[in-house]
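For reference, the structure discussed in these notes is given below.
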Amino acid sequence: MASQNTPPVSFKVRTTLPAHRIVALDTAGSDFVIAPSSAGANAPIGITTDTVKDTTSAIPVQLSGVAKLTFGETMSTGGLVAADSVGRGVPHADVTAGSYVIGRLTGPNVTQTGMIADVLIMPTFKSIP
């Protein structure tokens, strides 16, 4: 049985956003997405599937299933994926206050910065008891 992704959902943007980046909802307006402001400050909702350079356009965002993501650091397959401040994937680091995760790396090990790999989207907040 082949797995299938649900179609991407379109969101508005206030600034240009590249493809294959993690995004969070913009609390300053409805139906807008932004790059996370810091590694743990915004709850990620999905991964962009296209680049938008015109702020009057919409950007497609994959909210579930498997999506391609640009990585800002190296990491191993199966690891939890968090976001840096520009929406690139980075290994999740446990912090006492807890932090957000977009999902798990399902593609091959990420061996260099800028590499694009598959991530199973399953946004969650990971806390340390």
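The values are calculated or read from the model by the stated rules, or taken from the named source; none is laboratory data. Just so we're clear, the structure is a prediction, and the values are computed from it rather than from any experiment. Cβ coordinates were reconstructed from backbone atoms using ideal geometry, including for glycine residues, and neighbour counts include every protein chain displayed.
Structure above, values below:
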| read-out | value |
| --- | --- |
| The range 67-89 - residue that is β-branched (Val, Ile, Thr) and crowded, with 20+ Cβ neighbours inside 10 Å and, of those, nearest to Val119 (Cα to Cα) | Val81 |
| Residue match in the range 92-102 (condition: among the charged types (D, E, K, R) and either more than 20 Å from Leu25 (Cα to Cα) or in the same structural domain as Thr49 (by TED's automatic domain parsing) (or both)) | yes |
| Selection from the range 94-115 of residues that are over 27 Å from Pro7 (Cβ atoms) and either without any contact (Cβ under 8 Å) to a residue 12 or more places away in the chain or surrounded by 16 or more Cβ atoms within 10 Å (Cβ to Cβ) (or both) | Ser99 |
